[in-house]
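Below is one structure, written out as structure tokens; the observations come after it.
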Amino acid sequence: MPVIGKLNIVVTGGAGFIGSHLCDRLVQKGHMVTCVDNLHTGRFDNVRPLLNHRNFSFAEADVREPLDIGGPVDRIYNLACPASPPHYQTDPIGTVKTCVLGALHVLELARSTGARVLQASTSEVYGDPEIHPQPESYRGSVNPIGPRACYDEGKRCAEALFFDYRRMHGVAVKVARIFNTYGPRMLENDGRVISNFVVQALRNKPITLYGDGSQTRSFCYVEDLLNGLELLMESDDQVTGPINLGNPREVTVKEIAHMVLAQTGSRSRLAYHPLPQDDPRRRKPEIGAAAQALGWQPSIPLEQGLRSTIDYFALKVATPAPAAAPRREAPTAVAAGPNRAVRKRRAALSAVSGPA
Ligand code: NAD
Ligand code: UDP
């Protein structure tokens with residue numbers, strides 16, 4: 001990693017699973033970090049320990065509206081977007097807007113400040129792939145009208161915008177195509193396979209296998225992914241990506257279930273459920289480009305990453321959730337007030353559940 005001085009860095013989606021680990025790491029390296037998040041799937045608890053750090057500020061804001069950071073910006077990591085199928089499918093129109101308007105707004109911010117901007121794209125741009133493993137040159141097989149399209153096509157459109165801003169306005173862009181990533185701070189009710197299986201196993205509840213469990217994924221531990229994201233961000237200007245970041249070890253979903261059962265010593269049984277529509281049958285990244293351009297490859301074996309993830313969830317499962325919603329406490333360091341979409345969401349929430 002090249003040695004860089006203190007930078008002003010914006011992380012959208014910084015209260016989420018990957019984003020909060022990224023904020024931790026960037027603050028620890030001495031950068032000034034502004035986390036922008038509407039707390040849709042992220043948790044204030046994820047960034048609470050950072051709030052007393054003078055290099056960190058939190059802005060409760062929605063990337064579907066223009067971003068006003070009010071100061072110099074050198075780097076923007078655009079991670080804001082629900083990532084698990086149940087979450088992004090709950091409000092598919094909102095998901096498209098987050099992908100597309102969010103990309104537009106971070107690109108405009110980059111254009112006006114001269115910042116470099118990295119897009120957290122996804123292996124979902126390959127859809128249900130006909131080529132295996134998937135190289136960056138593969139253009140994908142996405143169902144544009146299915147239930148996953150809001151995310152897949154939203155992310156594809158975001159990639160298009162990134163390259164149009166580079167061509168038209170000379171914005172320094174970087175696009176990472178992230179494959180399935182896991183680790184501590186995934187949401188307990190996230191709906192993604194590793195968090196689901198681990199929580200179910202720890203509670204001795206049935207393990208929900210969709211389909212026959214023969215579909216494959218390749219799982220990257222969050223620390224490995226962060227190394228790749230940072231290397232890509234700090235790479236030379238001509239390294240734009242899109243570049244795959246993922247762990248090429250491919251496993252079936254059923255194998256994952258057995259690994260989790262073995263590591264937790266759980267009494268859970270397997271319970272088969274229908275395969276969701278358009279669920280990709282297999283997925284494995286080709287990572288030669290990341291190795292060549294960034295000198296990156298993942299190093300944390302699945303067994304080791306699962307251990308840390310299980311340890312994290314074991315603590316969560318053992319600790320009852322607090323009665324009040326703690327994330328609504330006023331943050332001690334806030335860069336900007338909530339923008340219009342956040343205020344609207346709060347009003348809708350308090351109409352349903354009373355004032356927070
Ligand atoms: P996450 O849901 O934990 O984090 C997303 C964060 O974005 C949350 O904090 C959420 O509150 C915030 N957010 C959502 N909509 C927003 C909006 N309109 N305005 C402001 N903030 C908003 O998910 P994650 O796994 O940490 O994923 C982070 C990014 O990486 C996402 O863009 C996702 O598409 C991408 N990605 C993740 C994976 C993975 O396996 N985890 C794989 C591919 C791509
Ligand atoms: N899956 C499963 N049981 C679950 C959650 C997911 O069998 O409780 C399957 C899902 O159908 C998919 C794979 O695990 O084939 C990965 O799902 P996830 O939602 O984690 O990621 P994505 O499908 O977006 O890659």
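Per the Debye formula with a single identical scatterer at each Cα and no solvent contribution, what log10 I(q)/I(0) holds for the chain at q = 0.12, 0.13, 0.15 Å⁻¹?
Per q value, in the given order, log10 I(q)/I(0) is -0.88, -1.05, -1.43.
Below 8 Å between Cα atoms, with a sequence gap of 6+, how large is the relative contact order for the chain in percent?
After rounding, I find 20 percent.
Give me, ordered by chain and number, the residues 5 or more places off Arg116 or on other chains with an amide H under 5 Å from its own placed amide H.
HN-HN under 5 Å from Arg116: Arg75, Ile76.
By counting other Cβ atoms within 10 Å of each Cβ, how are Arg156, Arg281 ranked from fewest to most?
Lowest to highest Cβ neighbour count: Arg281, Arg156.
In straight Cα distance, which aspartates and glutamates are under 13 Å from Lys97, not counting same-chain residues fewer than 8 positions off?
Counting by Cα, and skipping residues close in sequence, Lys97 has these aspartates and glutamates nearby: Asp62, Glu65, Asp152, Glu153.
Give me Ser308, Ser137 ranked fewest to most by other Cβ atoms within 10 Å of their Cβ, as a rough exposure proxy.
Starting with the residue having the fewest Cβ neighbours, the order is Ser137, Ser308.
Over the chain, with a Gaussian network built from C-alpha contacts below 10 Å, which listed residue (His258, His21, His40) shows the highest mean-square fluctuation?
Fluctuation is largest for His258.
Step through the table entries Lys6/Lys29; Lys205/Lys284; Lys284/Lys316, compare each Cα-Cα distance with 20 Å, and write down the pairs that go over it.
The pairs that break the limit, which is 20 Å between Cα atoms, are Lys205/Lys284; Lys284/Lys316.
Determine, for Met259, Met186, Met233, the number of other Cβ atoms within 10 Å of each Cβ, and report the residues in order from fewest to most.
Ranked by crowding around the Cβ, least crowded first: Met259, Met233, Met186.
Classify segment 1-117 from the C-alpha gyration tensor, please: rounded if a/c falls under 1.5, else prolate or oblate depending on whether a/b exceeds b/c.
oblate
If the reach is capped at under 19 angstrom between alpha carbons, list the lysines near Lys174, excluding any in the same chain fewer than eight residues apart.
Qualifying lysines at Cα under 19 Å: Lys155.
Calculate one ³J(HN,Hα) per residue across segment 152-166 by plugging θ = phi - 60° into the Karplus curve 6.51 cos²θ - 1.76 cosθ + 1.60, and present them in order as whole Hz with x for glycine and proline.
4, 6, x, 5, 5, 5, 4, 4, 4, 4, 4, 6, 5, 5, 5
Since every read-out is calculated from the coordinates, none of them should be taken as a lab result. What you see is a predicted model, and the numbers here were worked out from it, not measured in a lab. We place every Cβ from the backbone using ideal geometry, glycine too, and count neighbours over all the protein chains shown.
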